[in-house]
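The values are calculated or read from the model by the stated rules, or taken from the named source; none is laboratory data. If you're wondering where the values come from, they're calculated on a predicted model, not measured in any experiment. As a convention, Cβ positions derive from the backbone with ideal geometry for all residues, glycine included, and neighbour counts pool all protein chains shown. When the accessible area is computed, the model is the full protein with side chains, heavy atoms only, and any ligands, DNA or RNA have been set aside. Shrake-Rupley method; radii C 1.70, N 1.55, O 1.52, S 1.80 Å.
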Amino acid sequence: MKEKKISNIFKYLIVGSIAFVADFSFFYFAIKFIKINYFFAGLYSFIVGVFVNYILARKFVFHNYKKIKKSKELFGVYVISGIGLLIHQFSIYSFVEILNSNLYVAKFFTSVIVLIWNYNIRKKYLYGDGVR
């Protein structure tokens, strides 16, 4: 059972890493080329990252989704991601404005915090033991 748990975490780290690349790329592009404020760029890029994460996590990590009504699953993902977004926005603001951290370092650490939140809450409350 412990090996399965480690395997699930590893799979989610890979999925989360891919989603992070999509999120961070959009974040960087929005700031450097579109000239959007980092706070709003973080909001938009987070949505991109959540979408990528949702699609990949369903395919490779959370296979129990087939036992959950689609409406319940989507509602759960949106609620969990919404709270994750609040954590993201608060964290990135705190790192940049209060701790004077580099914007991209702040984005990285903020993404790690939200990755941990999303995996644990989705696994525990939305998909249960339906991870592979």
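Within the stretch 83-111, count every residue that is open to solvent by 60 Å² or more (accessible area, probe 1.4 Å), under 16 Å from the mean Cα position of the chain (by Cα) and closer than 16 Å to Ser25 by Cα.
In the first step, residues of the stretch 83-111 are kept if they are open to solvent by 60 Å² or more (accessible area, probe 1.4 Å); the result is 83, 86, 90, 93, 97-100, 102, 105, 108-109.
Right, trim to under 16 Å from the mean Cα position of the chain (by Cα) and you get 83, 86, 90, 108-109.
Among the residues that remain, those that are also closer than 16 Å to Ser25 by Cα are: 108-109.
Selection size over the stretch 83-111: 2.
Looking only at the stretch 29-68, which residues are among the aromatic types (Phe, Trp, Tyr) and open to solvent by less than 90 Å² (accessible area, probe 1.4 Å)?
Tyr38, Phe39, Phe46, Tyr54, Phe62, Tyr65
Could you list, in sequence order, the residues of the stretch 1-28 that are farther than 19 Å from Val61 by Cα, surrounded by 14 or more Cβ atoms within 10 Å (Cβ to Cβ) and of a type outside the set (D, E, K, R)?
Step one: of the stretch 1-28, the residues farther than 19 Å from Val61 by Cα are 23-28.
Cutting the leftovers down to surrounded by 14 or more Cβ atoms within 10 Å (Cβ to Cβ) gives us 23-24, 26-28.
Across the stretch 1-28, the qualifying residues are Phe24, Phe26, Phe27, Tyr28.
Can you tell me which condition Ser91 does not meet? The list is (1) at pLDDT 95 or above; (2) outside any helix (DSSP H, G or I), and all the others hold.
The one condition Ser91 does not meet is (2).
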